[in-house]
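Since the structure comes first, as structure tokens, the remarks are kept for the end.
The values are calculated or read from the model by the stated rules, or taken from the named source; none is laboratory data. Here the structure is a predicted model, which is why all the values come from computation and not from measurement. Cβ sites come from the backbone with ideal geometry, for glycine too, and all protein chains shown count toward neighbours. Heavy atoms of the whole protein, side chains included, go into the accessibility calculation; ligands, DNA and RNA do not. Shrake-Rupley method; radii C 1.70, N 1.55, O 1.52, S 1.80 Å.
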Amino acid sequence: MYLADEAWPDLRTYFEQESLALIPLGSTEQHGPHLPESTDHVIAESLAREAAARTGYLCTPTVNVGISRHHRQFPGTMWVSPDAFRTYVRELTENLTYHGIDRVVYVNAHGGNVDALREVAKDLHADGTCYALEWMWDESIPGLVDELFEHNGPHGGPKETAMLQHLTDRVHENRLAEARDGGTRDVWNASGTSQNGAATYFDARDNSENGVFGDQTDATAEKGEQLFEAATEQLVELSEWLAAREESSLTPADRVASEE
């Protein structure tokens, strides 16, 4: 069920019967010479809408711009500050709680959003507003990602390339080798990323000339379909688990009593 496509009487019926909503979040940022800047929000929305279609739960419109300042050197990248993002997501979530939602899954496809989403979720839980969880699609299926790709990213790599090959026709197939050769195949073993245990980089371009990592030539639409199906199954299971939880288990634990 996609919120923006429904009329209010039908949404009222949903809110009377259900208490869970999926909020897809991504980014509008560079993903190398071969992928569109919509990559993250296309993945997030596709997963959220598919999970909603399979379960009947509510999917909201997508948050398309996220925390992406670390990609600013590449033309077209858009970003907001972490403060602005946290405020926006919190108020958007509070809109839903006004209508009766008390449990939310942030269907996330952008690593730069993770810390802020978890912080918002902690605050919403602490003040009893609702129970929200940040869910990152590739973190739900790490074994499959490792099985399919020797050099999988983390950004603009074959896992995102394969997902876009499956979901859209926007991949520049003739630039996959260019993306691999102009980027960094293995960021974890790249020189200059740390010193004495401290990270020494701030922006994607510090580690990759074209902004991406991994071996993009290893991606196929068939692998993307495997990733999409596996991640959707994980999101469906998470949604059903969260919807089935007792309301009393969603609130903060009581304060430890003083000893008498």
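Figures for the structure shown
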| read-out | value |
| --- | --- |
| Given charges at Cβ of Lys, Arg, Asp, Glu: the chain dipole, positive-most of ALA204, TYR14, CYS59 | ALA204 |
| Karplus (6.51, -1.76, 1.60) ³J(HN,Hα), θ = phi - 60°, over region 60-67, in Hz, Gly and Pro reported as x | 8, x, 8, 8, 8, 10, x, 8 |
| DSSP bridge orientation in the chain - percent antiparallel, rounded to nearest 5 | 15 percent |
| Most to least packed among 159-166, 234-241 [average Cβ atoms within 10 Å] | 159-166, 234-241 |
| With every protein chain in place, region 70-134: carbon and sulfur % of accessible area (1.4 Å) | 51 percent |
